[in-house]
Every structure is written in C-alpha cells, then in structure tokens.
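Each remark here refers to the structure printed beneath this line.
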Amino acid sequence: MSGASLQVDERGRLRHFLTVEGLGRELLTEILDTAESFAGVTEQTVKKVPLLRGKTIVNLFFEASTRTRTTFELAAKRLSADVLNINVSASATTKGETLLDTLRNLEAMHVDMFVVRHADSGAAHFIARHVRPHVSVVNAGDGRHAHPTQALLDAFTIRRRKGRFEDLVVAIVGDILHSRVARSQIHALNTLGTGEVRVVAPRTLLPAHVDDLGVHVFHRMEDGLREADVVIMLRLQKERMRGAHLPSEHEYFRLYGLTEERLALARPDAIVMHPGPINRGIELESRVADGPRSVILEQVEHGIAVRMAIMSMTMRTTGDGTA
Amino acid sequence: MSGASLQVDERGRLRHFLTVEGLGRELLTEILDTAESFAGVTEQTVKKVPLLRGKTIVNLFFEASTRTRTTFELAAKRLSADVLNINVSASATTKGETLLDTLRNLEAMHVDMFVVRHADSGAAHFIARHVRPHVSVVNAGDGRHAHPTQALLDAFTIRRRKGRFEDLVVAIVGDILHSRVARSQIHALNTLGTGEVRVVAPRTLLPAHVDDLGVHVFHRMEDGLREADVVIMLRLQKERMRGAHLPSEHEYFRLYGLTEERLALARPDAIVMHPGPINRGIELESRVADGPRSVILEQVEHGIAVRMAIMSMTMRTTGDGTA
Amino acid sequence: MSGASLQVDERGRLRHFLTVEGLGRELLTEILDTAESFAGVTEQTVKKVPLLRGKTIVNLFFEASTRTRTTFELAAKRLSADVLNINVSASATTKGETLLDTLRNLEAMHVDMFVVRHADSGAAHFIARHVRPHVSVVNAGDGRHAHPTQALLDAFTIRRRKGRFEDLVVAIVGDILHSRVARSQIHALNTLGTGEVRVVAPRTLLPAHVDDLGVHVFHRMEDGLREADVVIMLRLQKERMRGAHLPSEHEYFRLYGLTEERLALARPDAIVMHPGPINRGIELESRVADGPRSVILEQVEHGIAVRMAIMSMTMRTTGDGTA
C-alpha cells in the first residue's frame, strides 16, 4: 500500500513515520529495539547523545498540543538537534500563504525534519509526499487518522512489562470511533502478533466496519475485561458528550469507567494504560490511575525514547550516512 | 520549620529553593559566594560553562512574566542546560488535567528542575512536596508569599557594593503589604545580619503584624530615609490604586516617591535599588533611577549569576554528584 | 551620513546593520563574500559552526513575523549562539516599562545582539543609538523604512545567478510606496553598481520623489520588463486594496501581475524574485512562481547564509576579537 512505499526506502529502511499501517513486524521491532537503546540515555546524568548534532527539526503544529510538542522537543534536544517550534495557524497561513509554500520555504532553510500535528486526516502524508528527498516527516497526530508514535510507545511499554505479544489479550476501551490513538494501536498490536486485540465500546462509539480491523468487539465492559493482560483506556473527548454519542459523563463512567472492581476481572498481573491526559472519574477512577497496575507514567517516559528512536532512524536514511 | 526541612537535605545542602525563611546565614552566604564565581562567566567572551550539560530545566509558568522567565532561561543556558518553556494556563489545564498530573508527566520525561511561577502563595512548596527525589524546584514568585531569587540578588548587589551587612541601614519603601519581594528581602537581610532593616509605608500598605518581621516601621519617607545606606524602592502595582489602599499615583509620589531631595537625607554613599520594572515618576523620579547612586541595572545583571548559583547548587544535591 | 557613522566603526568595520544607505560598495561586497563562505555550512551534514558559541542573541520583535524570526533564529543557532525570542508587545510594555528600560535590562543580562523588528520607521536606529558599546543591533524590518537583510540576500542571489551587477537591468515591480524592501533593494543595487535599476508601478504606489533614488520609472509593465535580467516582484499588502491606492486584486493582476507572456519580454535568461510570502494570482501566476526562472526559494535559502554573515561580522567588532 502507498503508506508503506512512502514510509520505507528501497532498502526497507524507515524514511518517514506517518502511520503504523503497512509497516512490517520486523521494522516495528527494530523501532522498539532502537528505543530500548535510548531508554538508557534518559537515565544518565548527561541525558544527551550527539547523534543529530547540527540537524534542524521543525515542530510544525497546525493545532496546539503542548504535551505532544514537549515530548518531541525533548527527544530532539536529547539527540542534540536544534529545534524550531512553529505554530502555523498563528503565522504564515494568516498571510494567505499556502501550506506547500510554507513547506518549500522551510525546506529552503535546510531543515531536516518536520514533526507534523494537524487537525485533518492525511496532512502528514500530504506533506511527506511533497518534501524534498533529504527531509523526513513524522506524524504527531492527524485528525482521526493516526497517532503512530503513541501506538509505538504503547507497544514498547507492553513489551517492557510483558516481554512478548504472542499470547497477550489487550482490551482497548472507549471512544474507538473518534480515536486516532486506537486506530494506530490496533495496527501496531496486530502487526506485532498480539494474541487477541479487543475493543470495548458502545455501538455509537465504534466505526462502521470495526471487525475488518482484526479485533474482537465487546459492548459490555465486564465481558471485554475478562482475562485481559493489558487494559488500554482511551481519553474521552468531553465535547462529544454534548452530541448524540453519549448521554453524560456520569453515565459513561457507570458503563465504561475503569474501577478496581472491574479491573479484578482482568488477569491478576494486568496492566492499565492511558494515552493521557486522563479525566479522573470519567475514564477511570483515581485508585486505578494511581494504583500499582497503572503504567501510565511509564508510557510518558518511554515516549521520549521511542521518539528518539524514530527520529534517528528516519534521519539515518535521509542523511548522508555519517550523521 | 517545614520550609527548611523541605529545602535542605540531611547534609544541610540546598535541595529546593522556595523561600528565604528557614535558611541559615551560612547557606545564604554560600549562595552569594557561588554567585560571585559565576559573575565572571557572564563577562567572558564565551558566556557558558558546561556544568548542567544534558540536564533539562522546565520553566513552568502559571502566570506570564517574560522578564523573570528570561533571566532563568539565560541562567540555565549559560550553565549549558536544555530549557523547556511551558505556559501552563495555555495548555494542560485547559484539557482538565490536574496540576499533579502535569507534574508527574513532566517528571516521567526525566526533567531535572522546575522553575515555578504561580499566582497562588505556596504553589512552589506544594510542587516541591510532591516531586520525585531527583527533581529540584525553584520558586520564581508565588502570589504574595515569596520571590526568593530576587531577595538573594538584592543581597548580592548590596554585598558587592557595601562589602558587608553588619552595620548597614536598609530602608524598604512602598507597598509592603502586597509585595512578595519585600517579604523575602526582609528575611534575607535579617538572616545575613543586617544592622537595621526599615520599612517605610502608609498604614494601608503594611501587613498586620509587621513588627514581628524584625523591622523598624516608618510612615514618613523623610524619617525612614535618614542615614540609610541602602534604599530599596518597591514596585507599585498600579491596579491597587483604584482600590481603597491609596488615593492616586500623584499623591503616592508626593508622599513616597524617591526624589533627589529626599535621597539627600540618606548617607552620602547610599545606593538605590528597585526590583523592576520601574514606574518613572511614581516610585522614583528619573533623575534618581538613572543617577549615579542607582544600582538597578546591577541588580538585573547579578540576577543571572545568582540564579546560576541556585540552579547549580540544587542540582548538585539531586544529581549523582558527577554533574 | 549618520546611518553610516552609526553602523561602521572607526576602522570601517560593520558594527550595526540598520540600513543599506550609507554603506559602501566594499562593505556590501564583504558581506556577500562572507555569506558565500557560510552558504556551504548549511549544506553540510552538521550545519553548525562554533563561531558565536556562548553569545546571546535576542530576537526583539515588536511586531509578529514568524517567517523573519525563524530565519534569524536558524542563522543564530547555526553559528552556535543562544537565542532568546522576546515578543515585546506581549510583555514589558504592558507593564508600562519604556523601550529604553527594556533595553537596559536586557543589556544588563549581558546579551550580545538585538535583532529588532518594529512597525515604526527608525526604531532600530533609535535602539542602536542607545545600546552599550558591546551590543550589536540588526534591523529585521522597521516600518516603511528598511529591510536591509532582505536587500542583501537579494543581491547575493543575483550575484550567484548572474555573476556580476555592472551591466544588469533589474526591474522592481509593485507597491514601491509602502515597501521597505524596495527602498533597501534600490540602495543596495545602486551601491553595488547595477547597470540599470527600474521601478514599475502605478503613480499611486510610487513615493513623491522617486527619481531621486536613482531609478528609471515605468508605469506600464510591458515597458518596464523589456530586456530585464532580473525581475523583482514586491508583495502586495492586501489591506491597501480597500483604500484609494488600487481598485481590486483582479485589476492589479491585470495591470501588474507577472505572467509567462509578460516575462517573455525580459531577457531569455531573466530570473524572477519575490521576498515572500507570495500571493499567487495577484503578484504573479503560479506558472511563473514555480517555473524554471523563479529563484524565490533560493532567496530563502541564501537568507540564512547572509544573516549568518551579518551576525558574525557585527559581533566581530563588538567582541574582543577572539570570538
């Protein structure tokens, strides 16, 4: 598929990182292995390696996200790259410049990578299709489509905790319909050979052909959690509450909120994940969020290492090999 | 007191820097001595030392202050640290995340220090009480409570100019009631053994039990300035003018504005200080602000060295000793 | 003239860079030659030289311009300087501080250079007149007055493409009246000995004594383009359209828009330039903007090298000679 051919060069190496779809198990495993080598860097006294010294990475954010921008900025700085933060809504487009002109201008300044956040699905692909050969594109979330670095850091966290994917049962709970995170997670987990991937959600928060994604669908929380090794709670976009999708926050928590009682249905060593920021008392109760099975902060921690891995791997193919 | 035990580790070394209260004379003197060694760095051609290379310092500002943020950012960069500027009001809290969740997330990214600015008194203490052992907190101003780096740079400026504290008369003039700067200054000057600390203000701008702070209270400017070695003019928050505290800017200047005539009441070698930004014609006239006795710009200059000292000292205790 | 004496030190070296007016051909050529040496740096794998390590450069922007700020920030980082971005409207001035007090404060922090963008003509000169001896000022655009780094990068692009200025015909098309870019370009091109500099505009978009600038004036596009070697299209400020200056965007394009047909009137090897961001279909059609004669993106690329040259040259005079 076009996603793969755009993302991978003729030698099978990662050139852009736009979506998990179309990337093979070997490549995803290489990302996780590379991230493993960077996980140590963030624990050193000097949390910096000179791998991308002299490279310029542009955080090109068409929608604000301090949290995501911060993780990419930290990852880039720990690789010794220079970082430019550009909030596009507030600048060029107000002067009537087209997206392509903005890109061409930044490329002319010899930047090496665009980390792209955009409200429209496909924006990162569009940009990757148009950049010069020496520039890499990393998708930091595009519309409802994909959030692939989040999916990879989740996979990294699961592998660190569980040591394998083969016989695991992973339950993804919440608003699957609107979640770019869920879409990317399902692709990553299936590609990595996860035993069983479940989605747990009301019919109104499931996409039309959800079965085609290779998941088992559950509508009752109690059924979906049973014997799960990993429980991934999705963030609920509160603004959807006002629409027809769900009656109220209270009602949502009653049906799909993760409590200690419900978590007891999963395996005794089950771990709880959430992409953050969490809504306490809506997606999960604080006892669970702060409890011994929660690995939510480990996810954040691993996010730096995984992004360092993806940045250094894509730069390796676009650079001259000496970087 | 709890301030001290929170700020100082079991070996008596600075771990956080939240308030001057509870810190001993020896420790304050160590800060001033360390700042002295950094004062030279900012005068070099290459204004940089590699002391905090690979460390990540977060400017966590819950209220905007370009001036204060700039001084901390410069101090951090001159110590070779990486700096992240995070304006919290504009990001996480709008997504409903709690302060503690924001902290936990940033900690998980292995940041090493929070420089905290907050409109609420006690915010920096709260954060220091909850951070992980390897993270330091520096208070960059919290509500009406404290602005301890300002107090230390003021003390540094006085020591550089006067060479000692013992027999000095220091007059602090203006809105003592609402000033976090004044509170911190009084503690610092008394701890350092200043001969006499005076406050000069109308009754409406003095806190209830001002005498307990160890100061001499004056209501008439002419009395308070007499024989002073150091005159510290506080910034007047213009918005207070509209309330019951003071009749008008003009009236304030007439009663408490520093003019050359009034300054003549102080010692011939008296110096004039102000935390900035100054309101010309309200707290002091331009002839004084720009005159030979003004050390207002020296205060700004020393602010970098003092903040470098505090950053490097707190990091020393939280790091592994090799930093 | 005062511009020159302010910009050049007693040994004829560049101290500030405020305007092209008053700078001699030798100095402009030295800037172009220095930029040539930096053009290679941006094409290296490690796009960084340690020339300004430990120096602090402040982007002091009184009006927002992400594009211009980005080019200066990149240039500074590639010289290894530390960069502070300060948006003045959003900070000090809201606290009632005067411009001079803001300057004095930043100087006290031992910053080395101000890159100034201001809506008022003469702002950069004012600042240069008041900074301390060790601080340099670079004008990044002041009102209608000057945008000298743009003019120099244009000259650099012409020299790279044409190899000389002597016998060239350069046509500048558009709103000469309101353009700080045009003013700076005319001075630069004339100083560098360009064969013929033309301006092409309706009477309403020409300044009163335009002939005094040393240009040939044309009102019909077809006349102005004939046998031109270089065509510089100015950006049209759309907001001017609503006033009395021009009837409509459509009418402007009909009279002064650059089409392939019109471009055919210029020399066969003519190049097309534009300071960006371009308004497609208003100043020029996309076939021209993206066509083989357009060097618009080369201008952007050269902008980094030219700014690196100016920054390093001005710092050389203000530093101690070892920088």
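Using the structure shown, decide if B:E239 is part of a helix (DSSP H, G or I), charged (D, E, K, R), farther than 23 Å from B:I158 by Cβ and at pLDDT below 90. Give the steps one after another, and end with the answer.
On the way: part of a helix (DSSP H, G or I): yes; charged (D, E, K, R): yes; farther than 23 Å from B:I158 by Cβ: yes; at pLDDT below 90: yes.
So B:E239 fits the description; yes.
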Exercise. Return the total of residues in segment C:160-187 being under 15 Å from C:V20 (Cβ atoms) and among the basic types (K, R).
Key: 2
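From the list B:G224, B:G276, B:G281, B:G291, which residue is within 26 Å of B:R144 (Cα to Cα) and modelled with pLDDT of 95 or more?
Numbers: B:G276 fails: modelled with pLDDT of 95 or more; B:G281 fails: modelled with pLDDT of 95 or more; B:G291 fails: within 26 Å of B:R144 (Cα to Cα).
That would be B:G224, the only listed residue that is within 26 Å of B:R144 (Cα to Cα) and modelled with pLDDT of 95 or more.
Need at least 2 residues that are assigned by TED's automatic domain parsing to the domain that holds B:R53 per element, so show me which strands (runs of 3 or more DSSP E) inside segment B:77-178 make the cut, counting only ones lying wholly within it.
On the way: elements: B:82-87, B:113-118, B:136-142, B:169-173.
By residue number, B:82-87, B:113-118, B:136-142.
Taking the criterion of being in contact (Cβ under 8 Å) with a residue 60 or more places away in the chain and within 20 Å of the chain's Cα centre (by Cα), would at least one residue in segment B:194-208 satisfy it? First the steps, then the outcome.
Taking segment B:194-208 first, the residues in contact (Cβ under 8 Å) with a residue 60 or more places away in the chain are none.
There is no residue in segment B:194-208 that is in contact (Cβ under 8 Å) with a residue 60 or more places away in the chain and within 20 Å of the chain's Cα centre (by Cα).
Going through B:S65, B:S121 one at a time, which residue ends up being among the polar types (S, T, N, Q), away from chain A (no Cβ under 12 Å) and in contact with an Asp or Glu (Cβ under 9 Å, 6 or more places away or on another chain)? Let's see the steps before the verdict.
Working: B:S65 fails: in contact with an Asp or Glu (Cβ under 9 Å, 6 or more places away or on another chain).
Going through B:S65, B:S121 in turn, the sole match is B:S121.
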Quiz prompt | Test for B:V115: is it among the β-branched types (V, I, T), more than 9 Å from every other protein chain (Cβ to nearest Cβ) and closer than 26 Å to C:L103 by Cα | solution = yes
Quiz item: Looking at segment B:214-232, which of its residues are touching a residue at least 40 places away in the same chain (Cβ under 8 Å) and either in contact with a Cys (Cβ under 8 Å, 6 or more places away or on another chain) or in a helix (DSSP H, G or I) (or both)?
Solution: B:M221, B:E222, B:G224, B:L225
Quiz item: Any idea how many residues of segment B:3-32 are in contact (Cβ under 8 Å) with a residue 24 or more places away in the chain and not in a loop (DSSP other than H, G, I, E, B)?
Solution: 11
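Name the residue, out of A:A128, A:A171, A:A140, A:A123, that is in contact (Cβ under 8 Å) with a residue 24 or more places away in the chain and within 13 Å of the chain's Cα centre (by Cα). Quick ask: steps written out before the conclusion?
Working: A:A128 fails: within 13 Å of the chain's Cα centre (by Cα); A:A171 fails: within 13 Å of the chain's Cα centre (by Cα); A:A123 fails: within 13 Å of the chain's Cα centre (by Cα).
Of the residues listed, the single one that is in contact (Cβ under 8 Å) with a residue 24 or more places away in the chain and within 13 Å of the chain's Cα centre (by Cα) is A:A140.
Hey, can you tell me all the residues within segment B:4-51 that are among the small types (G, A, S), surrounded by fewer than 19 Cβ atoms within 10 Å (Cβ to Cβ) and closer than 23 Å to B:A128 by Cβ?
Within segment B:4-51, B:A4, B:S5, B:G12, B:G22, B:G24 qualify.
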Quiz item: Among the residues of segment C:188-208, how many are modelled with pLDDT of 95 or more and part of a helix (DSSP H, G or I)?
Solution: 4
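Consider C:L74 carefully, then state whether it is assigned by TED's automatic domain parsing to the domain that holds C:D112, in contact (Cβ under 8 Å) with a residue 12 or more places away in the chain and part of a strand (DSSP E or B). Walk me through how you get there before you give the answer.
Working: assigned by TED's automatic domain parsing to the domain that holds C:D112: yes; in contact (Cβ under 8 Å) with a residue 12 or more places away in the chain: yes; part of a strand (DSSP E or B): no.
So C:L74 fails the test.
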Quiz item: If we keep just the residues of segment B:144-193 that are under 19 Å from B:D223 (Cα atoms) and of a type outside the set (A, V, I, L, M, F, W, C), which is surrounded by the fewest Cβ atoms within 10 Å (Cβ to Cβ)?
Solution: B:D167
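The values are calculated or read from the model by the stated rules, or taken from the named source; none is laboratory data. Small disclaimer: the values here were computed from a predicted structure and weren't measured. When we count neighbours, we look across all protein chains shown, and the Cβ atoms used for this are built from the backbone with ideal geometry, even at glycine.
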